[in-house]
1. Based on what the data block shows, is residue 25 part of a helix (DSSP H, G or I) and modelled with pLDDT under 90?
2. I need the full set of residues from the stretch 26-49 which are over 16 Å from residue 12 (Cβ atoms) and either touching a helix residue (DSSP H, G or I) at 6+ places or on another chain (Cβ under 6 Å) or touching a residue at least 12 places away in the same chain (Cβ under 8 Å) (or both), in order please.
3. Starting from the stretch 50-61, take each residue that is in a helix (DSSP H, G or I) and list its partners that are surrounded by 10 or more Cβ atoms within 10 Å (Cβ to Cβ) and at pLDDT below 85, counting only C-beta distances under 8 angstrom and pairs at least six apart or across chains.
4. Which condition does residue 15 not pass, out of (1) outside any helix (DSSP H, G or I); (2) more than 11 Å from the chain's Cα centre (by Cα), if it passes all the others?
């Protein structure tokens, strides 16, 4: 089946919020945080074409200026 709605080009990925301090909430938050960090790592590697450890402030500013 074909999609009738175009897929978004950009998706905001915000960090998970810690809503409570009980153990279940902490476990849930930790898992969500790990997924968030993986998503950010994948996105930064995809967008800039370098590993996260090799990305410089200059690389980030070049991408920001491209979007302005």
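The values are calculated or read from the model by the stated rules, or taken from the named source; none is laboratory data. As the structure is a prediction and not an experimental result, all values here were calculated from the model. All Cβ positions, even for glycine, are placed from backbone atoms using ideal geometry, and neighbour counts span all protein chains on display.
1. Judged against the criteria, residue 25 is not a match.
2. Of everything in the stretch 26-49, those that are over 16 Å from residue 12 (Cβ atoms) and either touching a helix residue (DSSP H, G or I) at 6+ places or on another chain (Cβ under 6 Å) or touching a residue at least 12 places away in the same chain (Cβ under 8 Å) (or both) turn out to be 29, 33, 41, 48.
3. 52/41; 52/44; 52/45; 59/48; 59/50; 60/48
4. It fails just one condition, (2).
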